[in-house]
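Here is the structure we will look at, set down as structure tokens.
The values are calculated or read from the model by the stated rules, or taken from the named source; none is laboratory data. Owing to the predicted nature of the structure, the values given are computational and were not obtained by experimental measurement. Cβ atoms come from the backbone with ideal geometry, glycine included; neighbour counts cover every protein chain shown.
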Amino acid sequence: MNVDIIITNAFVLTMEGKGVGMMEDGAVAIKDNLIEAVGRSEDIKQSYSAAEEIDATGKLVMPGLIDAHIHTGLAIVRGVSQDINNWMQEGNWPFMKHVSADHHQKGSMMNIIEGVKVGTTTFCDYDSHMNDIVPNYAKIGARARVAELINEIPADIGDIPVGELYPFHAEIGDRKLQNNIRLLEQWHGAENGRITCMLGPHGPDMMSRELLKEVQALAEKYDTNVHMHVAQGDREIEQMVKRYGKRSIPFLDEIGYLNERLLAVHLTEATKEETELVAKRGAAMINCSGSIGIIDGIVPPLHEFIEAGGSAALGSDQAPGNNCNNMFNEMKFAAILNKVKHTDPAMFPAHLALRLVTIDAAEAVGLGEEVGSLKAGKKADLLIVDLAEPSLSPVITSPIRNIVPNLVYSAKGSEVEAVMVDGQFIMRERRLQTVDETNELQAAQAAAREISQSAECTIHPESVLLKRMEAGEL
């Protein structure tokens, strides 16, 4: 049988079954945008002929990585909010006041390029100006599951003192909801199904009960997921208790939000009982270890959620707080932080972390039938990883294999030499195939320069970060 591409002589991580599905002399046959077959190299070569055969001796073929929660547009102000309390108000907000839709779009392209180069093939992007951002995915060729941030709060929310209730403005909520509907109408299923859309309520504290219910009804109408921050911080909990007399998770349960459509992001402030309730109701948890560790100093209850039978995935969140949007980084963070939290080195083994950015992640975000593992009939989203890189060397296969632990605890992402999405290579030999990386990064740098110049007048003279600048610490 004729196919387009055969990749042979590789270590293949299929991620099928309960473990990682390792094949030591494996091959993958690809036809159009689908995986035609996965098997032993000898068997695949006997059964298929291809226009191109890639000899992957000494390399690993694995599913593309899924970033289940990212705000790509915020990358335009990467690194302005570190090592402080109130990271949003004191660090991020003075810059975000000056970010336009065009700035957002340029920052997003830069962030998508960053992710692709370290093996991310699916981005669950959740941001403002998503109708401006989503053409970036069409251009670069990555898979995207996108949502527009919906809230009813004014643009100057960062100036509202902590402790005061947010003012809700119905006209703001309606405008943002209409943006999300427009996104669904124009992009859901676009680019040969590569781009799909969700509903994106910002958080239960940032919109009225009525708007939350309207979003819920639309998710049912469009048969899609709801991507939402849940119990993401003490300020959220305080807002909910003041407004409704209930914490976030009991409130969401009361209005019927805790179900299989919900991607509940963070759960930073969730109690043990609340965590178990979210899992019991069938909602998924998206854990962003790097971001929450850096901006809050907290380890979210990911282990507890999984132990309660919940479906989970990892995300990298936003670059102003996390700096790094790299799913290899997130695997390592999630594993190590949970080991430390529970003082148990045997907890959270490497294969679990790997599943949370591949097959388990795909199932959590509603793409389990399409991506996340290498299986005949699934979309051809995969990586070729060079195991000869120093960080992944030596390769040991007997009596114990070391490839998976090294992927999680040692890989940096630069070992990824090729990225395929929907049967097309969008990176080969570390070179992007669809966009001019230099031009895109230069455009983002120019946008960041404009924002920084405007932000000079909004940085508070008593800013901790400004004082560090003056002390030569930055």
So Met420 fits all but one of (1) assigned to a loop (DSSP other than H, G, I, E, B); (2) in contact with a strand residue (DSSP E or B) (Cβ under 9 Å, 6 or more places away or on another chain); what number is the exception? (1)
For the range 400-417, which positions are touching a residue at least 24 places away in the same chain (Cβ under 8 Å), closer than 13 Å to Phe328 by Cβ and either aromatic (Phe, Trp, Tyr) or in a loop (DSSP other than H, G, I, E, B) (or both)? Tyr409, Ala411, Lys412, Gly413, Ser414, Glu415
Looking at Gly73 and the list (1) within 30 Å of Gly163 (Cβ to Cβ); (2) of a type in the set (Gly, Ala, Ser); (3) assigned to a helix (DSSP H, G or I); (4) in contact with a Phe, Trp or Tyr (Cβ under 9 Å, 6 or more places away or on another chain), which single condition is not satisfied? (4)
Filter the range 17-34 for residues that are in contact (Cβ under 8 Å) with a residue 24 or more places away in the chain and part of a loop (DSSP other than H, G, I, E, B); which is farthest from Val3 (Cα to Cα)? Gly19
Residue pairs within 6 Å by beta carbon, gap of at least six or interchain, first lying in the range 142-164 and not assigned by TED's automatic domain parsing to the domain that holds Gln89 and among the β-branched types (Val, Ile, Thr), second surrounded by fewer than 24 Cβ atoms within 10 Å (Cβ to Cβ) and part of a loop (DSSP other than H, G, I, E, B), listed first then second, are none
I'd like the residue in the range 177-196 that is crowded, with 22+ Cβ neighbours inside 10 Å and not aliphatic (A, V, I, L, M) and, out of all such residues, is farthest from Cys124 (Cα to Cα). Asn180
Candidates Asn287, Asn259, Asn225, filtered to the one that is surrounded by fewer than 19 Cβ atoms within 10 Å (Cβ to Cβ) and within 21 Å of the chain's Cα centre (by Cα): Asn259
With in the same structural domain as Asn131 (by TED's automatic domain parsing), over 21 Å from the mean Cα position of the chain (by Cα) and either under 28 Å from Val404 (Cβ atoms) or at pLDDT 95 or above (or both) as the only criterion, which of Asp32, Asp83, Asp102 stands out? Asp102
Select from the range 338-385 the residues that are among the basic types (Lys, Arg) and in contact with a strand residue (DSSP E or B) (Cβ under 8 Å, 6 or more places away or on another chain) and write down the one among them that is nearest to Arg430 (Cα to Cα). Lys379
Selection from the range 35-58 of residues of a type in the set (A, V, I, L, M, F, W, C), part of a strand (DSSP E or B) and touching a residue at least 60 places away in the same chain (Cβ under 8 Å) yields Ile35, Ala37, Val38, Ile54
Could you tell me which numbered condition Leu218 fails, if it satisfies all but one of (1) within 30 Å of Leu165 (Cα to Cα); (2) surrounded by 19 or more Cβ atoms within 10 Å (Cβ to Cβ)? (2)
In the range 222-247, anything under 20 Å from Cys124 (Cβ atoms) and either outside the structural domain of Glu274 (by TED's automatic domain parsing) or out of contact with any helix residue (DSSP H, G or I) (no Cβ under 8 Å at 6 or more places or on another chain) (or both) is listed as Asp223, His227, Met228, Gln232
Counted residues, the range 179-221 - those being in a loop (DSSP other than H, G, I, E, B) and closer than 30 Å to Met420 by Cβ: 7
Mind listing whichever residues of the range 264-299 are in a helix (DSSP H, G or I) and closer than 21 Å to Leu74 by Cβ? Ser289, Gly290, Ser291, Ile292, Gly293, Ile294, Ile295, Asp296
Any idea which residue in the range 438-474 is farthest from the chain's Cα centre (by Cα), counting only those that are in a loop (DSSP other than H, G, I, E, B), hydrophobic (A, V, I, L, M, F, W, C) and closer than 20 Å to Gln89 by Cα? Cys457
Counting only residues that are in contact with a Ser or Thr (Cβ under 9 Å, 6 or more places away or on another chain), surrounded by fewer than 21 Cβ atoms within 10 Å (Cβ to Cβ) and farther than 25 Å from Gly64 by Cα, the range 300-349 contains a total of 2
Failed condition for Ala68, given (1) of a type in the set (A, V, I, L, M); (2) closer than 24 Å to Arg235 by Cβ; (3) not in a strand (DSSP E or B), with all others met? (3)
Matching option when the condition is among the charged types (D, E, K, R) and within 22 Å of Ile295 (Cα to Cα), among Asp125, Asp174, Asp102, Asp132: Asp125
Please identify the pairs in which a residue from the range 114-137 that is in the same structural domain as Asn179 (by TED's automatic domain parsing) has its Cβ atom under 6 Å from the Cβ atom of a residue that is assigned to a helix (DSSP H, G or I) and small (Gly, Ala, Ser), counting only partners at least 6 apart or on another chain. Asp127/Gly73; His129/Ala101; Asp132/Ala101; Ile133/Gly73; Ile133/Ser108; Asn136/Ser108
Got a sec? Which of Gly58, Gly26 is surrounded by fewer than 20 Cβ atoms within 10 Å (Cβ to Cβ), assigned by TED's automatic domain parsing to the domain that holds Val395 and of a type outside the set (Phe, Trp, Tyr)? Gly58
Quick one: which residue in Val385, Val357 is in contact (Cβ under 8 Å) with a residue 60 or more places away in the chain, of a type in the set (A, V, I, L, M, F, W, C) and outside the structural domain of Thr121 (by TED's automatic domain parsing)? Val385
